[in-house]
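**Student:** Below you will find the structure I want to go over with you.
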Amino acid sequence: MAIVRVEREIAGRKMIIETGRMAKQAHGAVTVQYGDTVVLATVLTAPSKREVDFFPLYVDYRENVYAAGKVPGGWFKREGRPTTKEILTMRMIDRPLRPLFPDDFMDECQIQCMVLSSDAENDPDILAVIGSSAALALSPAPFDGPVGAARVGYIDGKFVVNPTHKQLEESQLELVVCGSGYAVNMLEMGAKEVSEDIAAEGIALGFDVCKQVIEMISELASKVKVTKAYQPKPLPEDLKKLVADKFGPQIRQAKQIPGKVERNEAVAAVREKLMAELCPAGVEEPKYTPAQVGEAFYKAEGAIQRQLILEGKRPDGRKIDEVRPLGIEVGVLPRTHGSALFNRGETMALVTTTLGTPRDEQVIEGLTEEYAKKFMLHYNFPPFSVGEIRPIRGPGRREIGHGALAEKSLEAVMPSVQDFPYTVRVVADIMESNGSTSQAAVSGGSLALMDAGVPIKRAVAGISVGMVSEGGKTILLTDIIGEEDFHGDMDFKVAGTTEGITGIQ
């Protein structure tokens with residue numbers, strides 16, 4: 001395979017996307033270079049080894065420290081388990097790409113990104129998103145992309161595209177925008193109480209840069225002449241009609257029961273009835289497979305939930321702009337430095353604050369120079385919070401991501417080292433979950449900090465906004481619950497103070 005490359009000037013630096021030099025046995029492989037930072041992204045797909053009802057997409061991102069001319073620390077002198085930065089980047093890659101695969105595509109798909117060179121100025125995470133999108137565009141996988149990505153800063157009243165690490169230290173916001181050619185589909189922002197207008201303008205600017213990147217990827221794909229071999233696997237029309245006609249009214253009735261547990265039990269009972277009728281025990285070759293019946297039920301449930309919302313009917317009976325009842329207690333634990341119990345409806349977070357000395361700072365090693373963190377927030381999501389039993393093996397990627405979002409949302413109001421020289425650790429343990437737990441961690445974290453005597457600038461609160469858009473009608477939902485997240489079109493988390501926005505995802 002010949003080497004094919006495209007290049008373009010973006011924000012005063014040359015971006016180069018190249019394929020055909022490395023990893024030629026992968027189904028799609030590219031290197032992305034920006035400045036002297038280089039990232040390799042590869043994609044492989046294979047039929048699932050067993051029948052599954054989900055899309056097994058695996059994303060891995062590693063920052064090889066040789067890329068920065070460094071030797072790993074520790075006894076073994078080699079890279080170990082993923083760092084927090086690497087895990088957050090894996091999530092950054094996954095979130096804009098996963099929704100762009102067909103609902104019926106259940107093949108295994110692995111995206112692997114490696115940082116090959118780092119100039120300590122241009123963060124490789126954006127290049128990893130771009131590289132993953134480009135590698136998918138060159139692979140046989142059915143991907144409704146490509147997707148572009150850009151980082152936006154705001155310094156001295158001016159926006160900066162893809163700011164360097166040094167520029168970000170002076171920036172009022174750090175905004176990551178990902179999008180396809182027609183819409184934004186992922187945002188991540190930490191900010192120092194910026195206005196809504198500044199945030200909106202930054203998103204628009206970032207989306208414009210995404211379009212430039214998409215043009216580069218499309219040009220590369222046209223030069224390589226990719227063949228997509230995927231064949232859709234639609235559900236049988238008679239199955240969809242049967243589920244909608246016979247079980248649709250029962251699903252609709254169950255979806256309007258106010259309590260989460262009672263509502264879920266009622267929906268599960270309808271599902272069990274459907275499975276028993278169409279996939280009876282003892283029948284070796286039923287007309288429909290359990291996976292087909294399960295998918296038909298899920299689609300019918302989603303369609304009914306969306307229709308109810310478009311009619312102005314939410315699962316728990318609230319108005320579309322109504323926040324669930326709030327409950328706040330502080331000082332709930334006798335021996336912690338600060339504690340708060342925050343609940344919003346059926347979502348509850350127990351948040352604690354602990355003060356430490358400079359010796360308790362977290363030392364961060366990686367591609368850039370070693371540095372110390374004086375403020376950290378850890379988020380835990382135990383299985384009992386959703387009434388489930390599962391193995392407990394430490395924090396997962398979702399927990400690390402939610403903790404990072406809550407941390408950046410509160411960081412903007414933390415006092416300076418000169419005013420408050422303590423190390424501060426906040427821990428958010430989710431006691432109950434029915435939507436927007438990360439924002440409960442933000443609100444509870446603000447309370448726990450104040451209870452511990454930390455002189456934060458202002459209180460911070462967070463909320464999650466959902467959306468259902470269909471047939472030319474769009475409904476925005478304030479304070480969404482789990483079902484509105486699962487079956488809706490958007491989960492827009494935003495945190496801030498009375499003065500401005502501090503976090504978005």
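The values are calculated or read from the model by the stated rules, or taken from the named source; none is laboratory data. What you see is a predicted model, and the numbers here were worked out from it, not measured in a lab. All Cβ positions, glycine included, derive from the backbone under ideal geometry; neighbour counts span all protein chains shown.
**Student:** Go through the stretch 177-214 residue by residue and tally those that are under 28 Å from HIS27 (Cβ atoms) and free of Cβ contacts under 8 Å to residues at least 60 places away in the same chain.
**Tutor:** 5
This table checks each residue for (1) in contact (Cβ under 8 Å) with a residue 12 or more places away in the chain; (2) hydroxyl-bearing (Ser, Thr, Tyr); (3) within 25 Å of ASP103 (Cα to Cα); (4) assigned by TED's automatic domain parsing to the domain that holds PRO142.
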residue: SER218; (1), (2), (3), (4): yes, yes, yes, yes
residue: GLY248; (1), (2), (3), (4): yes, no, yes, no
residue: ILE251; (1), (2), (3), (4): yes, no, yes, no
residue: GLU277; (1), (2), (3), (4): no, no, yes, no
residue: PRO286; (1), (2), (3), (4): no, no, yes, no
residue: GLU301; (1), (2), (3), (4): yes, no, yes, no
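**Student:** Could you please give the count of residues in the stretch 389-416 that are of a type outside the set (Val, Ile, Thr) and either over 13 Å from THR502 (Cα atoms) or assigned to a loop (DSSP other than H, G, I, E, B) (or both)?
**Tutor:** The qualifying residues number 16.
**Student:** Let me ask something else about it. Kindly list, by first and then second residue, each pair from a residue in the stretch 328-354 that is assigned to a strand (DSSP E or B) to a residue that is modelled with pLDDT under 95, limited to pairs with Cβ atoms under 9 Å and residues at least 6 apart or on different chains.
**Tutor:** Here the result reads ARG344/GLY435; ARG344/SER436; THR347/GLY435; THR347/SER436, each pair linking the stretch 328-354 to a residue that is modelled with pLDDT under 95.
**Student:** Inside the stretch 458-487, can you point out the residues that are more than 17 Å from SER433 (Cβ to Cβ) and among the small types (Gly, Ala, Ser)?
**Tutor:** Across the stretch 458-487, the qualifying residues are ALA459, ALA461, SER469, GLY471, GLY472.
**Student:** Can you name the residue in the stretch 9-47 that is more than 17 Å from LEU116 (Cα to Cα) and loosely packed, with under 15 Cβ neighbours inside 10 Å and, of all such residues, is modelled with the lowest pLDDT?
**Tutor:** Here the residue is PRO47.
**Student:** Which ones in the stretch 490-505 are more than 19 Å from MET186 (Cβ to Cβ) and either β-branched (Val, Ile, Thr) or crowded, with 22+ Cβ neighbours inside 10 Å (or both)?
**Tutor:** Scanning the stretch 490-505 gives GLY496, THR497, THR498.
**Student:** Please go through the stretch 224-274 and pick out each residue that is farther than 30 Å from GLY317 by Cα and of a type in the set (Gly, Ala, Ser).
**Tutor:** ALA229 - this is the single residue of the stretch 224-274 that is farther than 30 Å from GLY317 by Cα and of a type in the set (Gly, Ala, Ser).
**Student:** Right, another one. So, GLY202, is that one buried (at least 18 other Cβ atoms within 10 Å of the Cβ), under 23 Å from LYS457 (Cα atoms) and touching a Phe, Trp or Tyr at 6+ places or on another chain (Cβ under 8 Å) or not? Talk me through it step by step, then tell me what you get.
**Tutor:** On the way: buried (at least 18 other Cβ atoms within 10 Å of the Cβ): yes; under 23 Å from LYS457 (Cα atoms): no; touching a Phe, Trp or Tyr at 6+ places or on another chain (Cβ under 8 Å): yes.
Here the answer is no, as GLY202 does not meet what is asked.
**Student:** Tell me, yes or no, whether the stretch 247-258 has at least one residue that is surrounded by 12 or more Cβ atoms within 10 Å (Cβ to Cβ) and either closer than 30 Å to VAL4 by Cβ or β-branched (Val, Ile, Thr) (or both).
**Tutor:** So the first thing to find is which residues in the stretch 247-258 are surrounded by 12 or more Cβ atoms within 10 Å (Cβ to Cβ), and the list is 247-257.
Checking which are either closer than 30 Å to VAL4 by Cβ or β-branched (Val, Ile, Thr) (or both) leaves us with 251, 257.
Checked against the condition, which is being surrounded by 12 or more Cβ atoms within 10 Å (Cβ to Cβ) and either closer than 30 Å to VAL4 by Cβ or β-branched (Val, Ile, Thr) (or both), the stretch 247-258 yields at least one hit.
**Student:** Could I ask something else about it? When you check ALA440 against the structure, is it within 30 Å of GLU265 (Cβ to Cβ), in the same structural domain as VAL332 (by TED's automatic domain parsing) and of a type in the set (A, V, I, L, M), yes or no?
**Tutor:** Spelling it out, ALA440 is indeed within 30 Å of GLU265 (Cβ to Cβ), in the same structural domain as VAL332 (by TED's automatic domain parsing) and of a type in the set (A, V, I, L, M).
**Student:** Which one is nearest to the chain's Cα centre (by Cα), of the residues in the stretch 354-399 that are over 29 Å from ASN264 (Cα atoms) and basic (Lys, Arg)? It would help to see each step written out before you state the result.
**Tutor:** We begin by selecting, within the stretch 354-399, every residue over 29 Å from ASN264 (Cα atoms); these are 354-378.
Then keep just the ones that are basic (Lys, Arg); that gives 359, 373-374.
Numbers: ARG359: 33, LYS373: 23, LYS374: 25 Å.
Filtering the stretch 354-399 for residues that are over 29 Å from ASN264 (Cα atoms) and basic (Lys, Arg), the one nearest to the chain's Cα centre (by Cα) comes out as LYS373.
**Student:** Any residue at all in the stretch 21-28 that is in contact with an Asp or Glu (Cβ under 9 Å, 6 or more places away or on another chain), more than 15 Å from THR89 (Cβ to Cβ), assigned by TED's automatic domain parsing to the domain that holds ALA150 and in contact (Cβ under 8 Å) with a residue 40 or more places away in the chain? Explain how you work it out, then say what you get.
**Tutor:** Step one: filter the stretch 21-28 for residues in contact with an Asp or Glu (Cβ under 9 Å, 6 or more places away or on another chain), giving none.
Checked against the condition, which is being in contact with an Asp or Glu (Cβ under 9 Å, 6 or more places away or on another chain), more than 15 Å from THR89 (Cβ to Cβ), assigned by TED's automatic domain parsing to the domain that holds ALA150 and in contact (Cβ under 8 Å) with a residue 40 or more places away in the chain, the stretch 21-28 yields no hits at all.
**Student:** For the condition within 30 Å of GLU470 (Cα to Cα) and in contact (Cβ under 8 Å) with a residue 40 or more places away in the chain, what is the one hit in PRO358, PRO315, PRO325? If you could, list the steps in order and put the result at the bottom.
**Tutor:** Working: PRO358 fails: within 30 Å of GLU470 (Cα to Cα); PRO325 fails: in contact (Cβ under 8 Å) with a residue 40 or more places away in the chain.
Answer to the check: PRO315.
**Student:** Now a separate question. Would you mention how many residues in the stretch 184-193 are surrounded by fewer than 22 Cβ atoms within 10 Å (Cβ to Cβ) and over 21 Å from ALA128 (Cβ atoms)?
**Tutor:** Of the residues in that region, 2 qualify.
**Student:** Here's a follow-up. Can you spot a residue in the stretch 238-249 that is under 26 Å from GLU470 (Cα atoms) and among the acidic types (Asp, Glu)?
**Tutor:** Step one: filter the stretch 238-249 for residues under 26 Å from GLU470 (Cα atoms), giving 238-249.
Retained after the next criterion (residues that are among the acidic types (Asp, Glu)): 238, 245.
Yes, some residue in the stretch 238-249 is under 26 Å from GLU470 (Cα atoms) and among the acidic types (Asp, Glu).
**Student:** Assuming GLU174 fulfils every condition listed in (1) within 17 Å of the chain's Cα centre (by Cα); (2) within 24 Å of GLY157 (Cα to Cα); (3) surrounded by 22 or more Cβ atoms within 10 Å (Cβ to Cβ) apart from one, which condition is it?
**Tutor:** Answer for GLU174: the failing condition is (3).
**Student:** Could you pull out the residue among ALA452, ALA440 that is of a type in the set (A, V, I, L, M, F, W, C), under 26 Å from the mean Cα position of the chain (by Cα), crowded, with 18+ Cβ neighbours inside 10 Å and at pLDDT 95 or above?
**Tutor:** None of the others qualify; the one that does is ALA440.
**Student:** Considering only residues of the stretch 465-489 that are in a loop (DSSP other than H, G, I, E, B) and over 21 Å from the mean Cα position of the chain (by Cα), which is surrounded by the fewest Cβ atoms within 10 Å (Cβ to Cβ)?
**Tutor:** So, considering only residues that are in a loop (DSSP other than H, G, I, E, B) and over 21 Å from the mean Cα position of the chain (by Cα), the one surrounded by the fewest Cβ atoms within 10 Å (Cβ to Cβ) is GLY472.
**Student:** Just the residues that are touching a strand residue (DSSP E or B) at 6+ places or on another chain (Cβ under 6 Å) and farther than 15 Å from VAL351 by Cβ, please, taken from the stretch 415-424.
**Tutor:** Passing the criteria: TYR422, THR423.
**Student:** Pull out all pairs, ordered by first then second residue, where Cβ-Cβ is under 9 Å, the residues are six or more apart or on different chains, the first lies in the stretch 51-77 and is free of Cβ contacts under 8 Å to residues at least 12 places away in the same chain and over 20 Å from TYR298 (Cα atoms), and the second is of a type in the set (Ser, Thr, Tyr) and part of a loop (DSSP other than H, G, I, E, B).
**Tutor:** GLY69/SER118
**Student:** Only one of these is farther than 30 Å from ARG252 by Cα and modelled with pLDDT under 95: GLU411, GLU329, GLU407, GLU369. Name it.
**Tutor:** Every option except GLU369 fails the conditions.
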